[in-house]
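In what follows, a structure is listed as structure tokens, so that the remarks can point back to it.
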Amino acid sequence: MLTVQSIPAFNDNYIWLIHSPDNRCVVVDPGDAAPVIEVLESQQLKLEAILITHHHHDHIGGISELKRRYPHINIVAPAAEPIPGVSQSVEDGDQVEIFDERFMVIGVPGHTAGHVAYVGDEKLFCGDTLFSAGCGRLFEGTAAQMYHSLQKLAALPDETEVYCAHEYTSSNLAFALVAEQDNPHLQRYREEVSRLRAKGISTIPSTLKQEKLINPFLRCDQPSIKKSVVNRAVDDSDVETFAALRRWKDEF
């Protein structure tokens, strides 16, 4: 089993560090090189690769400095995104090997046009597509694309751990509790998240099992969610329910 460690960056980003028992490691979405270098040096880890989910600066800003310091690293990134220094371009259906574990590449357009996620060893690195109790904004893709991307992720095994790139859980829950007020799982999760955040503890990773119970964007087939957007949606299809929910969240 691989070990995953969070490296906090900026206000609410998480850079994920995946390491093997023999002190080799991979980092996911290093928006800033400095905190990554600090962890590598303090823990005497050998950086072998970088995985990138999409092109936003808070996910790629550290690539050039890490490449300068560790020139032999493999930079894996989505083929359809403008990312510097890429040595391995990937797209939906490709596989990446990380320390003898196969990670599948899943195309998840919506937040950006070429966004990908990586899943393996029961761990999902999904960038800004799926958050705990929420999902990413639609900067380049359509609501239909994002809905289908989230459905792909929801189809993974329930025990899959969700390593998203931001600590947005508390603010996402504020909206989720308005969108689905009578969901008892949401109310319990809010209490748990409040306890964690009061102690400065991360709410990530979540699990897909948890998200299917509490994340409104994965619950667009539920009557309770459809009812909450009935005056905002054009029709009662799951895709339109998602689109209405996302528009509502943008204004929230």
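Table for the structure above
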quantity	calculated
Out of Asn13, Asn74, Asn23, sole residue that is touching a residue at least 40 places away in the same chain (Cβ under 8 Å) and either among the polar types (S, T, N, Q) or over 23 Å from Asp128 (Cβ atoms) (or both)	Asn13
Search result, residues across the range 166-219 that are over 22 Å from Ile18 (Cβ atoms), of a type in the set (S, T, N, Q), in a helix (DSSP H, G or I) and out of contact with any Gly (no Cβ under 6 Å at 6 or more places or on another chain)	Ser170, Ser171, Gln187, Ser194
Residue tally, condition part of a loop (DSSP other than H, G, I, E, B) and closer than 9 Å to Gly110 by Cα, over the range 120-158	8
Residues (in a helix (DSSP H, G or I) and either modelled with pLDDT under 95 or exposed (fewer than 15 other Cβ atoms within 10 Å of the Cβ) (or both)) located in the range 230-252	Asp250, Glu251
Ala79 of a type in the set (A, V, I, L, M, F, W, C), surrounded by fewer than 22 Cβ atoms within 10 Å (Cβ to Cβ) and over 21 Å from the mean Cα position of the chain (by Cα)	no
In the range 166-192, residue farthest from Leu213 (Cα to Cα) [restricted to those that are acidic (Asp, Glu) and in contact (Cβ under 8 Å) with a residue 24 or more places away in the chain]	Glu167
Condition check for Tyr118: modelled with pLDDT of 95 or more, of a type in the set (Ser, Thr, Tyr) and buried (at least 18 other Cβ atoms within 10 Å of the Cβ)	yes
When residues of the range 22-36 are limited to those that are touching a Phe, Trp or Tyr at 6+ places or on another chain (Cβ under 9 Å) and β-branched (Val, Ile, Thr), the one nearest to Asp92 (Cα to Cα)	Val28
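The values are calculated or read from the model by the stated rules, or taken from the named source; none is laboratory data. The structure presented is a predicted model; accordingly, all values stated were derived computationally and were not measured. Positions of Cβ are generated from backbone atoms using ideal geometry, with glycine treated the same way; all protein chains shown enter the neighbour counts.
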